[in-house]
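**Q** First the structure, which I've put down as structure tokens, then a few questions once you've had a look.
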Amino acid sequence: MMSEESSKQDDRIKFLVIANDCPEARLAAFFAGRRAKRSNARVILLSVLEPPEFGHWATVAETMRAEAEEKAQELLREFAAEVKAQSGEDPEEVIREGMDVEEIRKLIDEDPAIS
């Protein structure tokens with residue numbers, strides 16, 4: 001049986017950080033974690049995998065997709081460790097496949113808590 005408090009949804013605002021290889025993204029994770037702690041907010045990390053363009057090379061495309069997902073998970077682990085070090089909380093981690101701008105917009109539209 002769930003208590004009333006544990007069944008409540010976490011309605012704190014979220015700071016979105018795009019997890020990729022650029023140095024600015026790592027710095028953004030650092031500052032998002034610090035700001036989340038000061039403002040009682042959460043951090044959501046997003047990694048977007050661009051779909052491979054190998055129509056008839058299905059096995060090559062699947063291999064590329066698997067490698068990209070593995071790299072995205074590794075990046076999310078690194079970013080999550082930084083966010084947790086700064087905020088004291090594990091961030092939410094999301095991996096999407098598609099074009100960066102479209103997936104960022106979709107996530108923001110789907111989650112009204114993202115600030």
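The values are calculated or read from the model by the stated rules, or taken from the named source; none is laboratory data. These numbers were taken from a predicted model, which means no experiment stands behind them. Reconstructed Cβ throughout: ideal geometry from the backbone, glycine too, with neighbour counts over all protein chains shown. SASA here: full protein model, heavy atoms, side chains in, ligands and nucleic acids out. Shrake-Rupley method; radii C 1.70, N 1.55, O 1.52, S 1.80 Å.
**Q** Of 14/37; 84/106; 14/106, which pairs sit farther than 22 Å apart, going by alpha carbon to alpha carbon?
**A** In this structure, 84/106 lie more than 22 Å apart at Cα.
**Q** For residue 112, what charge total do you get from the other residues with a beta carbon under 10 Å from its beta carbon, if Lys and Arg give +1 and Asp and Glu give -1?
**A** Summing Lys/Arg as +1 and Asp/Glu as -1 gives -3.
**Q** Give, in nm to one decimal, the length gained when the segment between residue 81 and residue 108 is fully stretched (0.36 nm per residue of separation minus the Cα-Cα distance).
**A** Fully extending the segment from residue 81 to residue 108 adds 7.4 nm.
**Q** Whenever you get a sec, line up 108, 114 from highest to lowest accessible area (probe 1.4 Å, protein heavy atoms).
**A** Values: 108 75, 114 25 Å².
Heavy-atom accessible area, descending, gives 108, 114.
**Q** Figure the gain on full extension for residue 66 and residue 22 (residue separation times 0.36 nm, minus the Cα-Cα span) and round it to one decimal in nm.
**A** Working: separation 44, 0.36 × 44 = 15.84 nm, distance 2.10 nm.
Extending this stretch completely gives an extra 13.7 nm.
**Q** I'd like to check one number: the per residue accessible area of the chain, probe 1.4 Å, reported in Å² as a whole number.
**A** Working: 7850 Å² over 115 residues.
Heavy-atom accessible area per residue stands at 68 Å².
**Q** If you roll a 1.4 Å probe over the chain with all protein chains in place, what percent of the accessible area is carbon or sulfur?
**A** 51
**Q** Here is a follow-up. Picking from 18, 95, 44, which is most flexible by a Gaussian network model of the chain using Cα springs under 10 Å?
**A** Maximum fluctuation in the GNM of the chain, among the listed residues, is at 95.
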